[in-house]
Amino acid sequence: MFESALNNSKNLGAYFSDKETGITINQTQDFNGIFDEYHFGTNSNDTIVGIGTKSGDNKIYALAGNDTIIASSGNNYIEAGSGSDIINLSKTSKNSKNIVYGDSKNNEDVGNDTIIGGDGIDLMYGGKGYDTYHAGDKDIIIDSDHSGEVIFDGIKLNGGVWGENKQAYIDSSNNSISYKLNESTLTLTILKGNKTLTIKNYDINKQSLNISLSKNPGKEVAIVIDTTGSMYDDIEAAKESAKAIAQNIFRSNLNNNEPNNKNSEVYSKISIVTFSDNNIKTLGSYNNYNSFQKGINQVYEQGGGREYHCAAILEGMSNFTKDNGLSKEIYLMTDESGDDNHRMSEVINKAKNFGSSISLRSAFNDKSKFDNSVKINIISINNNHLNLKRLSDETNGLYLQPNSIDELKDALFDISNQGTSKDETIIGNDKNNTINGKGGNDTLKGLKGDDTYLFEGSFENDTIIDNEGKNKIIFKDRSVNDIDFVKVKSDLLLIDYKTKGGPLNYVKVINFFNNDKAYKNKTPNITSIKFKDYTINEETLTFMSNSSSNTYNFLNDTSNNFYINKGKGKFIVGHKNKENLITTNNYDDVVIGGDKNDIIKTNSGNDVIIGNKGDDILISRFGNDTYIFNLGDGNDTIIDNKGKDTIKFNGDIKNLNFTKIADDLVIKYSLKDSVTIKDHFKNRRNNISKIEFNNNSYIKDLHNITKELNQNNIVNNNNLDKNNLSNLNKNLTVNLDNNINSFISQNQINKIIQDLNSYGNDKGLSLNFNSEFKNNDIMQIYNS
């Protein structure tokens, strides 16, 4: 740098003498009599004050060291050199044109420089290192490594969120500042009234100079930490908890969930406030995780013994900006009940009335109303301070008293990972997360664990991507009759067709339907959907996900009768509290009754019929149908004309009791539950072919089990005498267990059961089957 300055000088003399190098130079004069003034520093820490030239330029080369350079009138060319330098142009004139390099011109030097612009047009090159620019109107900033910060017209630039009406990004802290980005030239123009600042080489993905721009507004949070002496053992736990909050709030894009990834889709800001006695202060505000880490590491125990919680919360709210589109939350961490609780009403009133309720349609790209109120979350450390619970209860926040740091981190993850009224992506972890996207068109990814997705109010259009665990959906304020179920390729669309005052709300579950026939009856990615009046369980959803139906009907209060005679297969759920009459078509249908006495009629097709509670009549004509029963379903009747049909019993069913009544077969599976198969003994086409249990065991060929008995098999294998058959109790239990050493064959037991049926109704003979078996070919008969 110094050599370059010498080469550019026309005359050398005694004007300047460098004591370290022994080199001297004169001032230079061109042919018009214009003088340039050269000012050189040393390799030590110098203070260089420019001697204002009236006609030429000040050329200042500070060399190494942590230098302070104060330029004056005229045009200034400054190379500050290595070291952390302060370059002050505030004394330059309005007509000055200044060029400043925080390092050398070739950017080989590194230093954390501060460049203070003047009233003229300043061109600022920060170079490498964390540089701070104090810029004014018409200044231009070029920073080579994107590291540093900018103060424009006295206001620190943090960035902001896209405003649709202005077609610019609106600053999150000052609505009078906006940002316009030319992504092709990497030029960012900042506007404040009639003043402009230009930043070249701006990278939105790297958040150059800590200016974060986002299409999606996120949260504005203040973490308020008690640093009094009693927190001595808990400060580190509080700091770790704060980091957990920040990791979730500074969430990353869809492809990367690392908290320090700067490809952020959501703009958020976190302030850190500490309090001890009257020492209540904001350490800083941060819009990315890396800068937040630096701030939280400055938190330490400060002694003292009085906790002014309310004053500290008000300090936290002082860092918020009204009506900037960011949802607002306070996190108070303390181990004491507080010494200024008389101010609680003041805090609650301010939190509930912070800013106004604005329509984001005018300011941002969202279509919903945004609530500017502040939620106060309380983290009570080691003690249960229920008086503080008032703050959380009255501001819709949460009160936490964790038993361990891990429990606290899990709770904080779910709290801080909740959505807002804007479009955003919410990503869980490997725990059992509870995710509520709230408003906006959100993408919800639970990752591992058994996750719960909550929907209430105007949740708008959300997408669930979750292929791991047993996950459930809860519609807190919706009836099952409010939602339409629609299959779109492999996705399930849950449409709230009763949405009022705007477009339809819906939830899309990606890859809900199983299109891989190799995995028949595969458990779906959603195993429970709960409404305020009904719950669809895992079994029903498994049938849904494996069915070929394209439409799904849940009968409502005004219509509990359903008839369809055309179209593709249907998935129909009857009204829970009314008697349903459901008739379907010739396709593969899934029909689920309610809790009353239903009549369900299906036609041809391989249908799945679940009567549920009540004494139901289940009628099917053709096809290979499946009838499903659970404990508590009541006394149901099957009328089936043809096909290879299956009865499936769910739950902990110990015994099956078979009874012949006229031509009907009655299967009793609990004291209060039974299934009657009409005309089972009259015509083989009315038979049920198979009985299944939920442990994958089964009884095959129910028809042959009910034929005549061979007398010899009883005598030889069970020491039973033909003449004593009439004296048997009503129950005969058949246990199937692969651990039994002496047994008879399946064919033999079939014949025994066949002959028992010849005794008919007059003797009230019945058979009990125990379903706790693993090998259907190994059976033992004993008298019960």
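Only one of (1) within 21 Å of ASP131 (Cα to Cα); (2) surrounded by fewer than 16 Cβ atoms within 10 Å (Cβ to Cβ); (3) of a type outside the set (Val, Ile, Thr); (4) at pLDDT below 90 fails for ASP203. Which number is that?
(4)
Tell me, which residue of the stretch 621-637 that is surrounded by fewer than 19 Cβ atoms within 10 Å (Cβ to Cβ) and among the small types (Gly, Ala, Ser) is farthest from the chain's Cα centre (by Cα)?
So the residue we want is GLY634.
Which strands (runs of 3 or more DSSP E) does the stretch 134-206 wholly contain that include 1 or more residues that are among the small types (Gly, Ala, Ser) and touching a residue at least 12 places away in the same chain (Cβ under 8 Å)? Spell out the reasoning first.
Working: elements: 139-142, 148-152, 159-163, 168-171, 177-182, 187-192, 195-200.
So the answer is 148-152, 159-163, 168-171, 177-182.
Please note which strands (runs of 3 or more DSSP E) are completely contained in the stretch 493-588 and include at least 1 residues that are at pLDDT below 65.
It comes to 551-554, 561-563.
I'd like the full set of residues that are crowded, with 24+ Cβ neighbours inside 10 Å, under 43 Å from the mean Cα position of the chain (by Cα) and either not in a loop (DSSP other than H, G, I, E, B) or not assigned by TED's automatic domain parsing to the domain that holds ILE190 (or both), limited to the stretch 92-124.
Of everything in the stretch 92-124, those that are crowded, with 24+ Cβ neighbours inside 10 Å, under 43 Å from the mean Cα position of the chain (by Cα) and either not in a loop (DSSP other than H, G, I, E, B) or not assigned by TED's automatic domain parsing to the domain that holds ILE190 (or both) turn out to be ILE115, MET124.
If you scan the stretch 381-396, which residues turn out to be modelled with pLDDT under 90 and either buried (at least 20 other Cβ atoms within 10 Å of the Cβ) or closer than 16 Å to SER337 by Cα (or both)?
ILE381, ASN382, ASN383, ASN384, HIS385, LEU386, listed by residue number.
Would it be correct to say that LEU398 is in contact (Cβ under 8 Å) with a residue 40 or more places away in the chain, more than 24 Å from ILE529 (Cβ to Cβ) and among the aliphatic types (A, V, I, L, M)? Walk me through how you get there before you give the answer.
Values: in contact (Cβ under 8 Å) with a residue 40 or more places away in the chain: no; more than 24 Å from ILE529 (Cβ to Cβ): yes; among the aliphatic types (A, V, I, L, M): yes.
Against the criterion (in contact (Cβ under 8 Å) with a residue 40 or more places away in the chain, more than 24 Å from ILE529 (Cβ to Cβ) and among the aliphatic types (A, V, I, L, M)), LEU398 does not qualify.
Restricting to the stretch 439-453, name every residue that is modelled with pLDDT under 85 and in contact with a Phe, Trp or Tyr (Cβ under 8 Å, 6 or more places away or on another chain).
GLY439
What tally of residues in the stretch 445-458 results from selecting those that are under 18 Å from LYS530 (Cα atoms) and outside any loop (DSSP other than H, G, I, E, B)?
Of the residues in the stretch 445-458, 4 are under 18 Å from LYS530 (Cα atoms) and outside any loop (DSSP other than H, G, I, E, B).
Go through the stretch 64-73 and report how many residues are in a loop (DSSP other than H, G, I, E, B) and surrounded by fewer than 24 Cβ atoms within 10 Å (Cβ to Cβ).
5
The values are calculated or read from the model by the stated rules, or taken from the named source; none is laboratory data. No experiment lies behind these values; they were computed from the predicted model shown. Cβ sites come from the backbone with ideal geometry, for glycine too, and all protein chains shown count toward neighbours.
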